[in-house]
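One structure is given here, and the rest of the page talks about it.
The values are calculated or read from the model by the stated rules, or taken from the named source; none is laboratory data. All values reported here derive from a predicted model rather than from experimental measurement. Glycine also receives a Cβ, built like all others from the backbone with ideal geometry; neighbour counts cover every protein chain displayed.
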Amino acid sequence: MKFCSNCGGSNSHLIPPGDNRLRHVCAQCQVVHYQNPRIIAGCLPIWGEQVLLCRRAIEPRRGYWTLPAGFMENGETLEQAAARETHEEACARVRSLNLYTLFDLPHINQVYMLFRAELVDLDFAPGEESLEVALFLEPDIPWAELAFPAVGRTLECYFADRREQHYPVRNEPLEAMRAHYKKTF
């Protein structure tokens, strides 16, 4: 960030007084420009014994399968963002959203927050960001073609939790997830 969005002055990268992190600070008006993690909200849409996945039509990981998810927008709740992303990517409507997995990805400044959700009906289709969407039974999940570690881990947790009929909110260390998927991603 070279220029201040407040006054147009030049920004410096320094630690402001009373802070402990490098920030972009305007040399002219002294405004501190905070940059915070982006929240990825999405759903694990369920229909009976099947889950809905989308094949990505965009980078990163174009052509790989994912859960419908994306960046939360200002002015919406997490639940609204997850439902919106599911509709945008899979033209699907969901209900009964329950927070399920939380993953912190500090190396890319993101936080994943995924909800278990019921599909309202089977009226779904690829949205603009998807090449195709499909329902999968557990043995048919394209594990080697999943786009992101958070998606794979969410699916693993879901199928394990479904056997026990207990769905705790999962918040696992990034290191464990990255080590688990080191060969895949």
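Would you confirm whether any residue within the range 66-74 is over 12 Å from ALA117 (Cβ atoms), in contact with a helix residue (DSSP H, G or I) (Cβ under 6 Å, 6 or more places away or on another chain), of a type in the set (A, V, I, L, M) and assigned to a loop (DSSP other than H, G, I, E, B)?
yes
Might you check whether a residue that is of a type in the set (Phe, Trp, Tyr) and touching an Asp or Glu at 6+ places or on another chain (Cβ under 9 Å) occurs anywhere in the range 37-53?
Yes: the range 37-53 contains one or more residues that are of a type in the set (Phe, Trp, Tyr) and touching an Asp or Glu at 6+ places or on another chain (Cβ under 9 Å).
If you go through the range 27-59 one residue at a time, how many are at pLDDT 95 or above, under 19 Å from TYR112 (Cα atoms) and in a loop (DSSP other than H, G, I, E, B)?
Matching residues across the range 27-59 total 2.
Please state which of the following conditions MET1 fails to meet, knowing it meets all the rest: (1) among the hydrophobic types (A, V, I, L, M, F, W, C); (2) under 28 Å from ASP123 (Cβ atoms); (3) not assigned by TED's automatic domain parsing to the domain that holds GLU138.
Answer for MET1: the failing condition is (2).
Would you mind telling me which numbered condition in (1) under 15 Å from the mean Cα position of the chain (by Cα); (2) of a type in the set (Val, Ile, Thr); (3) crowded, with 21+ Cβ neighbours inside 10 Å VAL111 fails?
For VAL111, the failing item is (3).
Here is a check on your reading of the model: is ALA90 among the small types (Gly, Ala, Ser), buried (at least 21 other Cβ atoms within 10 Å of the Cβ), in contact with a Pro (Cβ under 6 Å, 6 or more places away or on another chain) and on the phi < 0 side of the Ramachandran plot?
yes
Give GLU145, GLU129, GLU138 a once-over and let me know the one that is touching an Asp or Glu at 6+ places or on another chain (Cβ under 8 Å), touching a residue at least 12 places away in the same chain (Cβ under 8 Å), closer than 21 Å to PRO60 by Cβ and surrounded by fewer than 20 Cβ atoms within 10 Å (Cβ to Cβ).
GLU129
How many residues, within the range 77-124, are in contact with a helix residue (DSSP H, G or I) (Cβ under 8 Å, 6 or more places away or on another chain) and acidic (Asp, Glu)?
Number satisfying all stated conditions: 1.
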